[in-house]
1. Can you pull out every residue in the range A:147-193 that is of a type in the set (Asp, Glu) and at pLDDT below 85?
2. Taking the condition of being in contact with a Leu (Cβ under 9 Å, 6 or more places away or on another chain) and assigned to a helix (DSSP H, G or I), how many residues in the range B:199-221 meet it?
3. Go through A:Ala203, A:Ala197 for me and flag whichever is in contact (Cβ under 8 Å) with a residue 40 or more places away in the chain and either assigned by TED's automatic domain parsing to the domain that holds A:Ile48 or within 29 Å of B:His103 (Cβ to Cβ) (or both).
4. Restrict the check to the range A:125-135 and report whether at least one residue is of a type in the set (D, E, K, R) and within 21 Å of A:Phe155 (Cβ to Cβ).
5. How many residues does the range A:111-125 contain that are surrounded by 18 or more Cβ atoms within 10 Å (Cβ to Cβ) and in a helix (DSSP H, G or I)?
6. For the range B:216-234, what are the residues that are under 17 Å from the mean Cα position of the chain (by Cα) and hydroxyl-bearing (Ser, Thr, Tyr)?
7. Has the range B:35-54 got at least one residue that is within 22 Å of B:Leu84 (Cα to Cα), within 14 Å of chain A (Cβ to nearest Cβ), of a type in the set (S, T, N, Q) and surrounded by 12 or more Cβ atoms within 10 Å (Cβ to Cβ)?
8. Using beta carbons and a limit of 7 Å, which pairs, at least six apart or on different chains, have the first residue in the range B:92-120 and touching a residue at least 24 places away in the same chain (Cβ under 8 Å) and the second one buried (at least 22 other Cβ atoms within 10 Å of the Cβ) and outside any helix (DSSP H, G or I)?
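The values are calculated or read from the model by the stated rules, or taken from the named source; none is laboratory data. Fair warning: this is a prediction, and the values are worked out from it, not measured in the lab. All Cβ positions, even for glycine, are placed from backbone atoms using ideal geometry, and neighbour counts span all protein chains on display.
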Amino acid sequence: MNVIEVQGLHKSYADTKAVDGIDLTISKGEIFALLGPNGAGKTTTVEILEGFRKADSGSISVLGFDPANRGVQARIWRNRIGIVLQSTADAGDLTVQETLSHFAKYYSAPRDVEEVIHSVGLDEKRGALIRTLSGGQRRRLDVGLGIIGSPELLFLDEPTTGFDPEARRAFWALIESLREGGTTILLTTHYLDEAEALADRVAVITRGKILEVSTPSQLGGRASAKARVQWKSDGVIQEELSDNPTDVVRRLAAQFPGEIPELQVLRPSLEDIYLSMIGEI
Amino acid sequence: MSAKKSLPTTIALGVARGGLEIRQFMRQRESVVFTLAFPIILLAIFGSVFKTTLAEGVTFSQYFVAGMIASGLVNTGFQQLAILIPMEREFGSLKRLRGTPMHVASYFIGKSILVFVSMAIQVVLLLAAGIIFFGVELPTDPYKWLTFTWLIILGSAASTALGIAFAAVPKSGRGASAVVSPVVIILQFFSGVFFVFTDLPGWMQQVAAIFPLKWMTQGMRSVFLPDSFAAREVAGSWETERTFLILLAWLIAGIFLAIRTFKWSRD
């Protein structure tokens, strides 16, 4: 069963088309990343799926429910999802533990508060007031609040913006553990390495349209793209594009008596692919 | 995961939110000082400066205490919420709440509990200061206590609803206090809190009569001043029934407006 099904999604603000005909299908247990520059329509798309905004047109099903619906059914639906917004900065006069315990009360089958505190790595800060937390710690609390209701589907909107590299690694490990628990995750990010590390599939979105949906390793024909072989000869960097870089290296090995000077075999990184994709528009 | 287990009730969550709101309130030095201590300081200043006698057995301080208790209903309800809610909206706390299965009514119940508790603390503090320093006497007539009780409940409820409604007005959380506080202070001047109401110009009295604070102050005077003073009111009487009806009308209007104008996020 598909957790999210979207067809022909459109949303305009005054004079701009924020979302201009998006189709998406995300299946159960999948980690799906929406990649795109700022203003591409990622957050608008996600906020429509979260029920925070109304689409102008399009058919939307999230866990079999139209997020634009209201009333008791909507509350039962909200009980099954978790949302981590882009930024939240409460006044912060409650402790980590108080906040999580309180939010746990909103759900029919919440996770254990201590277990959540542990899984987001805030054990040492459980009694600290939120306003004393660092940016990264606050973000981890946001994630804790997103998962406290044991959601089947979790929305993460740019979860690691402002993290240092170590905190990001720790955060990725947390998301991996949620994947093992079977949670479906829709993630938006503008970090390519994050999408590559976490996502089963990525969609590149720009100017409200999806350019491609693929696995990170195959995006933009990455797997089949020509490799670049570089070496130095007569003091100048030489370069050759090839489908069979091994043959090129073999030929060079025969040509040079010892080491091939400054040899490199380069394949396009996800970032190269992504930049060339969004640059095409 | 037990999918059959049902969601917690709106009332239970409202009570839980109320507890949380009070805890937050008590931890914010600004709110404790501004909401609770400031009226006491005002009382001390005005009570000490104006020592005139208004009528047989009624000093200005006593008149002022009654007005300040009425103001307390406006401070803890209208003013507190119309400043607090825009801040919660700006910080994104409201949007986060909206993403949970909690019913919006639980949020309103929580806010009402916060208002009621802070109001009760403020009224007790003001009364205590009035009794100890300014010779205010507690009424002995049970009918006056009845009036006091419904004034507090109705006034506080109307003030809460109007505060939630007015919270739609400030454009930003940080600017909310600059928008809301002048409204309250002007109303206090117009409604006979800082001056004797009947000494104010006629047009001011007429403007004040539209708003609930004037009726709350008059109601509180009917509780704390001797009945002989009723002759000094605009109508020559306490107008108790009228006060009740006007506050009730404001409560209904406030609830209607609050439901119509409440917004979870800025856009």
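1. Here is the first cut: in the range A:147-193, the residues of a type in the set (Asp, Glu) are A:152, A:157-158, A:164, A:166, A:176, A:180, A:193.
Once the filter is applied, which keeps residues that are of a type in the set (Asp, Glu) and at pLDDT below 85, the range A:147-193 yields A:Asp164, A:Glu166.
2. 8
3. On the way: A:Ala197 fails: in contact (Cβ under 8 Å) with a residue 40 or more places away in the chain.
Of A:Ala203, A:Ala197, the one residue that is in contact (Cβ under 8 Å) with a residue 40 or more places away in the chain and either assigned by TED's automatic domain parsing to the domain that holds A:Ile48 or within 29 Å of B:His103 (Cβ to Cβ) (or both) is A:Ala203.
4. To start, the set of residues in the range A:125-135 that are of a type in the set (D, E, K, R) comprises A:125-126, A:131.
After this cut, where a residue has to be within 21 Å of A:Phe155 (Cβ to Cβ) as well, the list is none.
Among the residues of the range A:125-135, not one is of a type in the set (D, E, K, R) and within 21 Å of A:Phe155 (Cβ to Cβ), which makes the answer no.
5. Within the range A:111-125, residues that are surrounded by 18 or more Cβ atoms within 10 Å (Cβ to Cβ) and in a helix (DSSP H, G or I) number 5.
6. B:Thr217
7. The answer is no; no qualifying residue exists.
8. B:Gly92/A:Leu85; B:Lys95/A:Leu85; B:Pro101/A:Asn79; B:Pro101/A:Tyr106; B:Pro101/A:Tyr107; B:Met102/A:Tyr106
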